[in-house]
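The numbers here are math on the coordinates, done by the rules we state, and not lab data. Owing to the predicted nature of the structure, the values given are computational and were not obtained by experimental measurement. Glycine also receives a Cβ, built like all others from the backbone with ideal geometry; neighbour counts cover every protein chain displayed.
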Ligand code: GDG
């Protein structure tokens with residue numbers, strides 16, 4: 001703030017940086033953020049910079065226009081209302097979005113000036129959701145955590161955001177994405193799966209070259225600070241002051257920023273109803289309502305201020321007596337001692353937001369109860385509700401419920417108060433704000449370690465060189481290649497799965513070299529393979545090893561197979577098609593496949609599990625095998641697989657170079673039957689029996705191209 005022409009640095013009330021100061025003292029850390037004022041004077045900026053540097057902070061200066069469009073605009077008129085289920089308040093304005101993007105980029109530039117790939121970057125909250133993605137591009141190897149302090153809404157709501165893809169992609173730049181509750185993490189995973197089509201398992205999301213984790217970390221408070229506050233002389237003095245004014249009356253306390261998500265007017269209406277319905281409590285109870293000014297330039301906040309003022313005036317006008325004011329309304333930021341004294345004195349804490357990411361006031365209220373006495377009423381829509389099972393819980397939309405809860409709280413037996421509060425205090429003490437931060441950073445580092453383990457087998461230049469050298473010096477080469485996901489990227493659109501000109505050209509070059517035998521080993525039907533590759537000098541394997549075509553001869557079965565079972569299994573698959581819109585059955589000669597790549601991803605996964613359970617039970621006596629592949633379930637004769645088919649070629653002659661490439665687990669059967677000298681390469685980052693991993697089908701093509709262009713007479717350098 002500015003005072004008498006000078007810049008004075010003050011920490012914001014309840015600020016995260018203050019709460020975590022002891023945690024960060026263990027690190028060589030730096031906070032990067034907006035300093036809280038707009039300044040156009042270079043002299044003033046210099047002063048801010050110097051003062052902040054001294055406190056291990058770095059300012060990102062924003063203009064008045066940026067504050068209006070980025071902070072008041074996109075952050076607080078688009079994201080905040082949407083994520084708090086106030087859809088009717090959402091403004092989708094392209095200029096807001098552009099400025100949000102621009103400011104995130106500005107943060108990225110500032111971070112990149114000081115960070116290296118060895119640093120840990122922890123990005124906080126909804127104002128910076130694009131930043132992790134931008135940083136990932138700038139510093140690919142860096143460790144990034146992102147924590148969202150507000151709720152993440154359900155998919156149905158999130159999907160209405162015009163920039164949903166960009167926001168999710170931005171968040172996925174992090175290695176760990178943290179939320180206050182499991183429900184928010186679940187909503188996020190569901191949005192990522194449905195909007196970006198990214199697969200997940202056990203809260204891990206698999207991207208092309210990384211796995212990232214989403215999880216819940218319920219934020220804690222500085223427990224000792226609140227628990228010990230009652231012992232501070234300055235707080236004792238404030239308690240005395242409060243008591244001298246309010247006397248022995250009961251105190252109900254509410255503390256919030258002025259925000260529509262906090263349901264302040266609803267609480268006032270409930271208190272009004274309480275006084276109406278319980279005349280005996282008039283003059284015996286006062287509501288102390290602390291309202292902290294917030295986002296005062298945003299229209300809905302201005303209107304809310306007027307509404308609160310009017311309601312307080314109405315209730316006080318209606319019930320006040322000469323010696324009693326029903327509502328003590330404090331519209332300002334209180335010093336800590338005053339706040340702590342109010343927490344201490346209050347008999348009832350009334351915390352009833354419509355939605356709240358966590359709500360720290362609820363935790364601070366209980367932590368402040370040194371003598372264990374006091375009753376908390378908490379909205380079930382606050383994240384904090386997950387950790388406080390025994391307190392008085394309300395649905396904030398029901399005035400009747402809040403009124404009844406006030407009555408219950410004012411009559412709650414002391415023994416019950418003690419038991420409930422002591423139990424919660426134990427949890428708050430253990431998982432305090434420092435433990436929360438430690439937990440987040442530990443999980444982040446573990447996630448990074450797991451990523452590294454998955455990349456241990458990654459192809460690098462050296463391995464590539466070895467493969468190319470070995471290829472070059474050999475005379476009898478066998479290339480075993482899977483098609484979907486390996487030679488061709490996986491696609492939802494059937495039109496896009498045919499081989500393209502680039503691929504045909506690579507295969508042609510490879511097959512033109514007389515030393516090479518190229519075999520495409522696929523799960524596809526033989527008719528399809530023949531249509532696509534019939535003109536090339538490649539050998540083909542269809543239906544995951546059922547059909548073989550060698551040297552352009554007729555197709556042959558790998559062994560005599562039965563297909564009568566198909567009549568029995570087909571109706572079951574058709575039942576799953578009816579129950580799962582978008583799914584379909586593919587009928588092959590000796591197998592049946594239920595595909596769900598076009599179905600809703602969440603429903604598809606659930607149905608696939610059900611189907612597998614159903615089929616495993618039915619097929620136990622039929623010597624059939626049920627395979628779960630990429631967005632499909634396949635049923636085929638047991639014992640026939642790509643590995644057995646590959647074996648036919650491996651045994652054909654004494655090869656001096658064998659390479660096999662495949663992306664899904666049906667290809668693992670090939671990797672298993674290869675001799676030790678062969679090169680096996682998995683496409684993707686999942687665990688594998690293969691010796692090496694390569695990121696994508698694009699890189700497969702690059703490698704094959706390099707092989708195809710090897711000049712046999714010259715060693716590569
Ligand atoms: C967001 C999410 C999530 C309030 N008045 C005074 C004052 N405070 C302090 C409180 C508390 C903090 O401000 C408010 O935190 P809340 O959690 O209640 O709410 P938001 O500001 O909306 O915070 C929320 C939080 O982020 C953390 O992730 O829990 O859900 O919306 O610490 O003590 N402090 C002082 N005087 C006041 O008058 N000194």
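Ranked by the mean number of other Cβ atoms within 10 Å of their residues, highest first, the peptides 161-168, 379-386, 457-464 fall in the order 379-386, 161-168, 457-464.
Here the calculated FRET efficiency for residue 706 and residue 515, from their Cβ-Cβ distance with R0 = 22 Å, stands at 0.90, rounded to the nearest 0.05.
Using r as the Cβ-Cβ distance of residue 653 and residue 204, and R0 as 35 Å, what FRET efficiency do you calculate, to the nearest 0.05? In this case the efficiency is close to 0.20. Stretching residue 25 away from residue 430 to a fully extended chain increases their span by 143.8 nm, per 0.36 nm per residue minus the current alpha-carbon distance. Protection proxy ranking for 238-248, 466-476, 404-414, 145-155, using the average of other Cβ atoms within 10 Å per residue and placing the highest first: 145-155, 404-414, 466-476, 238-248.
Using C-alpha pairs under 8 Å with a sequence gap of at least 6, the mean separation divided by the residue count of the chain gives a relative contact order of 10 percent. Here, segment 223-430 has an Rg and a Dmax of 16.0, 46 Å when only alpha carbons are counted. Model label points for residue 630 and residue 689, set 7 angstrom from Cα along the Cα-to-Cβ axis, are 2.0 nm apart. Considering every alpha-carbon pair of segment 409-496, the percent of pairs per 5 Å bin, from zero through the bin containing the longest distance, is 3, 9, 7, 8, 10, 8, 9, 8, 6, 6, 6, 5, 5, 4, 3, 2, 1, 1, 0.
For the chain, the longest principal axis of the Cα atoms and the long axis of helix 414-430 meet at an angle of about 50 degrees.
Extension gain, residue 610-residue 284: 0.36 nm per intervening residue step, less the Cα-Cα distance, totals 111.3 nm. At 7 Å along the Cα-to-beta-carbon direction for both residue 452 and residue 407, put a label point, then send me their distance in nm to one decimal. For residue 452 paired with residue 407, the spin-label model returns 6.2 nm. Can you give the Kirkwood hydrodynamic radius of segment 2-216 from its Cα pairs, in Å with one decimal? With all distinct Cα pairs of segment 2-216 included, I get 18.3 Å.
Any idea what angle helix 182-191 forms with the longest principal axis of the chain, computed on alpha-carbon atoms, 0 to 90 degrees, nearest 10? Long axis of 182-191 versus the principal axis of the chain: about 40 degrees. How many angstrom lie between the C-alpha centres of segment 123-144 and segment 330-387? Rounded to whole Å, the Cα centres lie 33 Å apart. Cα centroid distance between segment 1-52 and segment 614-670, in Å? Answer, in whole Å: 61. The mean sequence separation of alpha-carbon pairs under 8 Å and at least six residues apart, normalised by the residue count of segment 2-216, gives a relative contact order of 14 percent.
Structural descriptor for segment 215-368: relative contact order 40 percent, calculated from alpha carbon pairs under 8 angstrom and at least 6 residues apart. Taking each residue as 0.36 nm, the span from residue 498 to residue 302 lengthens on full extension beyond its C-alpha to C-alpha distance by 64.7 nm.
With the convex hull constructed from alpha-carbon coordinates only, the chain shows a mean projected area of 38.9 nm² over all directions. Taking other C-beta atoms within 10 angstrom as a stand-in for reagent exposure, 526, 159 fall in the order 159, 526, fewest first. On the basis of the beta-carbon distance and an R0 of 45 Å, residue 314 and residue 40 show a calculated FRET efficiency of 0.55.
Over every Cα atom in segment 185-328, the radius of gyration and the widest Cα-Cα span, Dmax, amount to 22.8, 71 Å. Take the Cα of residue 265, go 7 Å toward its beta carbon, and the backbone nitrogen atoms of segment 52-92 under 14 Å from that spot belong to 89. In units of the compact-protein estimate 2.2 N^0.38 Å, segment 566-637 shows a Cα radius of gyration of 0.99.
Projecting label points 7 angstrom from Cα along Cα→Cβ for residue 224 and residue 531 puts them 7.2 nm apart.
Its Cα gyration tensor gives segment 54-134 an equivalent ellipsoid; the semi-axes, largest first and in whole Å, are 26, 14, 11.
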